[in-house]
Amino acid sequence: MNDMLRLIEPVIPALRRYARALVRNRAAADDLVQDCLERAVSHWGQRREGDPRPWLFTILHNLALSQFRRAARRGKHIAIDEANEDDFGQDAVQEQKLMYQDVLDKLARLPDEQRAVLLLIAVEDLSYADAARVLEIPIGTVMSRLSRARERLQQEIEGSADGAARNVVQLRSMK
């Protein structure tokens, strides 16, 4: 136990500095260091022999990353007394959902072979060679289908597929 304290205690100020630099909040940094030290003490037998500094910094860093991920999922915490009305409002998402659905509808209008190539490369992030292997077609065919799919989708989005916009009514003047 004394050996452990003798090795850990000199590292604590450096851990605090690093934690403060990571979280930019004194209280949160101290909590992070405390969690780090608790984990280090409880897992002391699992460390490698030698200088414990890298091991302690690794624990601290991993705890901070976990904390950041948790905070990103939960959202920002604001004390009710410090909040104003703008902190509670959210932008309407109806328009974004309609645009998303519109793009999906336009994507569905593409020929199957063009849609498959576009989805594999643009959505699934496959390389041209991987997409060619998946579809069992030459890489040149993948590139040409992708080009045609992008061009046709762009025309659909701009409303110029098949010559004219689908949502525009043509008016004639009568004399």
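The values are calculated or read from the model by the stated rules, or taken from the named source; none is laboratory data. Everything quoted here is computed from the prediction, not taken from an experiment. Don't worry about glycine lacking a Cβ; one is built from the backbone with ideal geometry, like all the others, and counts go over all protein chains shown.
Could you run through the range 14-27 and say how many residues are loosely packed, with under 14 Cβ neighbours inside 10 Å, of a type in the set (D, E, K, R) and under 18 Å from residue 62 (Cα atoms)?
Number of matching residues: 2.
Inside the range 1-62, counting only helices (runs of 4 or more DSSP H) that do not spill past its ends, which hold 2 or more residues that are at pLDDT 90 or above?
Ranges flagged: 12-23, 26-42.
I'd like the residue in the range 117-127 that is loosely packed, with under 15 Cβ neighbours inside 10 Å and assigned to a helix (DSSP H, G or I) and, out of all such residues, is farthest from the chain's Cα centre (by Cα).
Filtering the range 117-127 for residues that are loosely packed, with under 15 Cβ neighbours inside 10 Å and assigned to a helix (DSSP H, G or I), the one farthest from the chain's Cα centre (by Cα) comes out as 122.
Going by what's in this entry, would residue 11 be described as over 14 Å from residue 67 (Cβ atoms) and buried (at least 17 other Cβ atoms within 10 Å of the Cβ)?
Considered against the rule, which asks whether it is over 14 Å from residue 67 (Cβ atoms) and buried (at least 17 other Cβ atoms within 10 Å of the Cβ), residue 11 comes out as yes.
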